[in-house]
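Read the structure below first, then the notes.
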Amino acid sequence: MVRKHLCSHSSTGHCEHNRRRSSLPANASRFSFTAAANEVVYIKVLNSNGATGRYVDVAAEDTTWFNPRWTTTQGFITVYGVQNTTTQVGHFVLTATTDFGGSGNTPFSITINANARALIALGPGLSINIPAGQGGFLVLTSDLPPGGTIADALYTNGTLLVPSVFSPVRELGH
């Protein structure tokens with residue numbers, strides 16, 4: 001998944017999120033959506049004055065976070081801490097993909113208020129309900145701009161706390 005910004009709001013299923021950053025220039029807009037890996041995105045810019053040309057600048061930024069490993073083996077669960085660092089409400093989707101001991105995707109949606117954080121637990125009977133004995137990776141997307149999210153992850157079995165990598169995708173070289 002790729003979160004893209006500054007896109008046409010006429011695209012179906014896409015959300016408009018203006019004023020996520022305080023410094024948008026005049027006549028500028030910011031939009032975000034989660035794109036499929038193979039999605040072709042078209043951007044349509046309307047010019048209300050055909051006699052005057054317009055300069056168009058389009059930027060796409062990936063704000064996806066990636067955790068390469070979670071587990072529910074050996075009594076472990078995985079806990080994610082997600083911080084919204086903006087002054088706007090953020091909408092997040094954590095999608096756990098099981099590739100050990102099972103298969104499939106388990107999405108979990110959460111809204112986090114401005115300058116607030118949430119802890120989300122992955123394991124049997126928890127927020128992200130995954131049976132014991134499984135493992136996989138997790139992808140986090142949101143409608144916040146780059147830098148709008150800080151996150152971490154750890155495994156725990158009630159005795160041990162083991163940090164786990166959880167980083168923006170582009171920092172990991174994906």
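Things worth noting here:
- Subset of the stretch 126-166 that is farther than 15 Å from THR95 by Cα, touching a helix residue (DSSP H, G or I) at 6+ places or on another chain (Cβ under 8 Å) and of a type in the set (Gly, Ala, Ser) - its residue that is surrounded by the most Cβ atoms within 10 Å (Cβ to Cβ): ALA132
- Which numbered condition TYR155 misses (of (1) part of a strand (DSSP E or B); (2) within 14 Å of the chain's Cα centre (by Cα)): (2)
- Condition met for VAL89 (under 20 Å from the mean Cα position of the chain (by Cα) and closer than 20 Å to PHE31 by Cα): yes
- Conditions (1) at positive phi; (2) in contact (Cβ under 8 Å) with a residue 24 or more places away in the chain: number failed by GLY125: (2)
- Condition met for VAL169 (of a type in the set (A, V, I, L, M, F, W, C), surrounded by 12 or more Cβ atoms within 10 Å (Cβ to Cβ), under 12 Å from the mean Cα position of the chain (by Cα) and within 15 Å of PRO68 (Cα to Cα)): yes
- Strands (runs of 3 or more DSSP E) lying entirely in the stretch 1-109 (those with 1 or more residues that are of a type in the set (A, V, I, L, M), modelled with pLDDT under 80 and farther than 30 Å from ASN157 by Cβ): 2-5, 31-35
The values are calculated or read from the model by the stated rules, or taken from the named source; none is laboratory data. Predicted, not measured: the structure shown is a model, and the values here were computed from it. Counting neighbours? That spans all protein chains shown, and the Cβs are built from the backbone with ideal geometry, glycine included.
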